[in-house]
1. Considering each of Ile76, Ile47 in turn, give the residue that is open to solvent by less than 30 Å² (accessible area, probe 1.4 Å) and either of a type outside the set (Asp, Glu) or more than 23 Å from Pro88 (Cβ to Cβ) (or both).
2. Please tell me if Ser412 is open to solvent by less than 10 Å² (accessible area, probe 1.4 Å), part of a helix (DSSP H, G or I) and touching a Ser or Thr at 6+ places or on another chain (Cβ under 9 Å).
3. Search segment 595-610 for residues that are more than 13 Å from Ala675 (Cβ to Cβ) and pair each with any residue that is among the charged types (D, E, K, R) and open to solvent by less than 30 Å² (accessible area, probe 1.4 Å) when their beta-carbon atoms are under 9 Å apart and the residues are at least 6 apart or on different chains.
4. As an exercise: evaluate Glu305 against (1) among the acidic types (Asp, Glu); (2) open to solvent by 20 Å² or more (accessible area, probe 1.4 Å); (3) within 16 Å of the ligand (Cβ to nearest atom) and give the number of the one condition it does not meet.
5. Looking for something open to solvent by 20 Å² or more (accessible area, probe 1.4 Å) and assigned to a loop (DSSP other than H, G, I, E, B) - is there at least one such residue anywhere in segment 221-231?
6. Do you know which of the residues in segment 419-454 that are outside any loop (DSSP other than H, G, I, E, B) and within 16 Å of the ligand (Cβ to nearest atom) is nearest to Val961 (Cα to Cα)?
Amino acid sequence: MTSALASTSPGSTSRLAPRAWLHSDAPTLSLNGEWDFRWSPVADVPIPGAEDEWGTLPVPSHWVLHGHGAPSYTNIQYPFPIDPPHPPEENPTGDHRRTFELPPSFDGAARVLLRFDGVESHFRVWLNGSLVGWSTGSRLATEFDVTPLLVPGTNELLVRVHQWSAASYLEDQDQWWLPGIFRDVTLLARPTAAIDDVFVRAGWSSGTGTISFPTLDAAFPLRFAVPELGVDVTWAAADEVVPVTVEGVDPWSAELPRLYDATLSTGSTGETVALRLGFRTVSIVGDRFLVNGERVVFHGVNRHETHPVRGRVFDEAHARTDMALMKRSNVNAIRTSHYPPHPRVLDLADELGFWVILECDLETHGFGAVDWVGNPSDDPAWREAYLDRIARTVERDKNHASIVMWSLGNESGTGRNLAAMAQWVHDRDDERPVHYEGDYTGAYTDVYSRMYPTLQETESIGGGPETPLLGCGPAEAARQRSKPFLHCEYVHAMGNGPGQIAEYEALVDKYPRLHGGFVWEWRDHGLLAQTATGEDYYAYGGDFGEVVHDGNFVMDGLVLPDDTPTPGLAEFAAVVAPIRFALGDRSVLIENRYHSASTAGLRFCWTLERLGALEASGTLAVAELIAGDAVTVPLPDEVLHATDRTLAPADELWFTVTAELSSPTSWADVGHVVARDQLLVASRPAEPLRAARQTWDGDRLGAATFSARGDLVTWNGVDVAGPRLELWRATTDNDRGDFPHGYETADPALTGGVGDPDAPPTATRWRHRGLDRLTHRLVSVNRIGDGLVQRVRVAAANSGLGVDVTHRWTLTDDGLQLQTDAIPFGGWDVTWPRIGVRFDLPASLLDDDATWFGTGPAESYADSTRAARVGRFTAPVRDLTVEYSMPQETGHRPDLRELTVGPFTVTTVGRHRAGFTLTPWTAQQVEAAMHPYELPTPDHVYLYLDAAQHGLGSRACGLDVLPEHQLWPQAFSWTVVLG
Ligand code: IPT
């Protein structure tokens, strides 16, 4: 057995040739359900018999999520010795057994097939005691013909699954290792007049649809009908099949996913197969990737199959909800990283509308640790396995309109087997281009693809000033520059971030060779687990005691494990919005940036708000704009004449325009906002604060009392503390920025900071300077008339760097004014995470709402500002921070005007407006927690008023914060009024 598990062959010869996953009316019997189950920690155990004791396990499932063994997470590392093709001896093995009886509908079947849609990673099947065969290829379908082994009455099926096999070397994707029969098991009755395989192509050109069948493995006569198009033909024999041309068909696109129902039928003794045709033609012309003649820009995400409870077990309702959220977030493309998803995902993609890059189940990334020595991608012993994988990928899903490109896999180095896969695809499907990022020189693929290149390199690829291209000599670089380019991965969405989405998008706008890209990645892969005390939490690498793991690098999605969309997703939606506005003083330019959709499904709405209160609203009269068109329309009269109004001091008049759905879709309701922009129409400066009519009364100054040190003690009668200067923020994954260990061969273009790949991560530099542990020395405190001046020197142990802080309190009739001046001293050589002050307010505020006029609704940072708008917002204090899977900085809302929470009001004064954060934990408490459950019970609500924060960047895997978004030490002065 051990030697069989080390075979580089993909499976037994008894497996059937791969074919399309068809929707047929031929009878099927689902074998999903409760199976008998026995687990062993090693592979070499006798097959259990009836006399042995069996437990049970649902199929489909991963046994590690049902108490047998444990999940483990690695990104690049192999969790076993790199000793190909040998699997480790500790090889968890699950025996699955069930009985079934064939239903009467199977009577008369010419053949009965047994299909496994996904088993990780190596399985062997017996039916009624006879060996049926074995297979590998975890996320690929396997079929066996079991007709001769079936008996009348009760049949017994036994499936032995090993977690590890030679095939595991090909399945080193960045995800949990989750063994088991995790997709459906089905018996298929095949009729005499069967339709075994179909490859249908529905091309489109200028309104003409052409339906052709590169493969029709079916009995004849065969009837083909597309009722809506009046197509109804019957072919008597295979050689009669000719392309069907139809005039006046609507094209399919990710935006208008028009599908036509079609059937293929072999009559009463046969079967009927239902197809959904989407008419579209994929082509590459020069350096453009086109669908139906138009350039495609991918605003995509990398989608793994992951669910906190089910793992990779498919749930259609959840997938649909998830994909609807993508649509609502202006995601128009999916890369199925890094394997074919459940086949129904492609049906949903056809129906909802996504451009899909369908990727093969292949990754050998761990060979990077041994300089790619022995990499299966270039070893002839593995050629059959590679070709088997790509054939099963393409054959299963070839009929989907949504799939516009095939991808050979991910991070598998390069080599002859990959080139052979590409050749195979070219022979099989001469329409869709072949993608594989690791083909840096473009030797065998059709598009140029990269992950996480810098902005400079991206610009260079687009056509800007030339810089060397990764892995290319001059001729190879020239070849790559002649192809359409895409980012198969970019803007790494780990934790708080990613920043700089807009900068990449600006390049895509500028250079037509650039075709957009796919955010890494859509969802966090957290698995629901319980702490020792029974508290639920989302686990990541290391939480199951793995010896080798990659920590929280598996929590890098735009959506949190519990389905909560992150502010990063809102930012992405805003940056890539298909409608763009340019607001001028008198008019608005509206640009339709869709691939092919007009604005027919949209309405353009506007509001005029004074300090966040609605003054006027309406709809802009915009004639239907076809894709690529733009129009300028005048601003509404109410807005044009807004400056005539009498504005009160501190008034701000904001014009907001939105593009909204004017009719419901399957993924959003009427009114869903597709795009939004804002213009400050008019504003009036605030009046100087009125001089106070009161002065000190003991330790009381207005609504506050102060300690002898000059610290605030009460505010509106409530115990508080502060202000305390803070430079620290709980570091984000991007601040920490280090690749998980195991990536020793990091490509310098991917790692490190801008311009200095060897620079230690920002968080390390901050810590070296002691920013997380500042001390505060009172220099002086002076009461002067109606105020107080407190001077504090702030610095860390063993450091000559610091900040001199002056807090100047002045009592006014509008409240207590606090001006803070912060002046750095000592030759700072690192950026600051933030500069602001902290006030400690009572924890009871956690149950209150906060209302503010400023930016919102969500947090935003210097390089992630597009989703933020100016308005008046109300939210529960508890909801003002995001529960990132690894606790980190969250909740900063810059440019505050006024905040009210409980009995407290804070108004910003002057040109430099502070931002605010309300959080149950200090930056230091958050920093110390590895999971949300490790955060202490809140003893305060902390109000941070920050003059500035450092940007976010994407350095967990990509660019550090750009210079213009870095926070360099400098003098800051900001003023607030406490009321
Ligand atoms: C890249 C991988 O392709 C992807 O699967 C994921 O691991 C991502 O990084 C990071 O989360 S590989 C990386 C070393 C560039």
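1. Result: Ile76 is the single residue among Ile76, Ile47 that is open to solvent by less than 30 Å² (accessible area, probe 1.4 Å) and either of a type outside the set (Asp, Glu) or more than 23 Å from Pro88 (Cβ to Cβ) (or both).
2. Against the criterion (open to solvent by less than 10 Å² (accessible area, probe 1.4 Å), part of a helix (DSSP H, G or I) and touching a Ser or Thr at 6+ places or on another chain (Cβ under 9 Å)), Ser412 does not qualify.
3. Between residues of segment 595-610 that are more than 13 Å from Ala675 (Cβ to Cβ) and residues that are among the charged types (D, E, K, R) and open to solvent by less than 30 Å² (accessible area, probe 1.4 Å), the close pairs are Glu609/Glu652; Arg610/Asp651; Arg610/Glu652.
4. Failed condition: (2).
5. Yes.
6. Met451
A quick yes/no check of all residues on (1) of a type outside the set (Asp, Glu); (2) surrounded by fewer than 19 Cβ atoms within 10 Å (Cβ to Cβ); (3) in contact (Cβ under 8 Å) with a residue 40 or more places away in the chain; (4) in contact with a His (Cβ under 9 Å, 6 or more places away or on another chain):
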| position | (1), (2), (3), (4) |
| --- | --- |
| Leu5 | yes, no, yes, yes |
| Arg15 | yes, no, yes, no |
| Asp25 | no, yes, yes, no |
| Pro60 | yes, no, yes, no |
| Gly67 | yes, yes, no, no |
| Ala70 | yes, yes, yes, no |
| Pro84 | yes, no, yes, no |
| Arg98 | yes, no, yes, no |
| Asp107 | no, yes, no, no |
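Let's see how each residue does on (1) in a strand (DSSP E or B); (2) modelled with pLDDT of 95 or more; (3) touching a Phe, Trp or Tyr at 6+ places or on another chain (Cβ under 6 Å); (4) within 16 Å of the ligand (Cβ to nearest atom):
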| residue | (1), (2), (3), (4) |
| --- | --- |
| Val161 | yes, yes, yes, no |
| Trp164 | no, yes, no, no |
| Gln173 | no, yes, no, yes |
| Trp176 | yes, yes, yes, yes |
| Val200 | yes, yes, yes, no |
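The values are calculated or read from the model by the stated rules, or taken from the named source; none is laboratory data. Everything quoted here is computed from the prediction, not taken from an experiment. In this analysis, Cβ positions are derived from the backbone assuming ideal geometry, glycine residues included, and neighbour counts consider all displayed protein chains. Side chains are part of the model used for accessible areas, which takes the heavy atoms of the whole protein and leaves out ligands, DNA and RNA. Shrake-Rupley method; radii C 1.70, N 1.55, O 1.52, S 1.80 Å.
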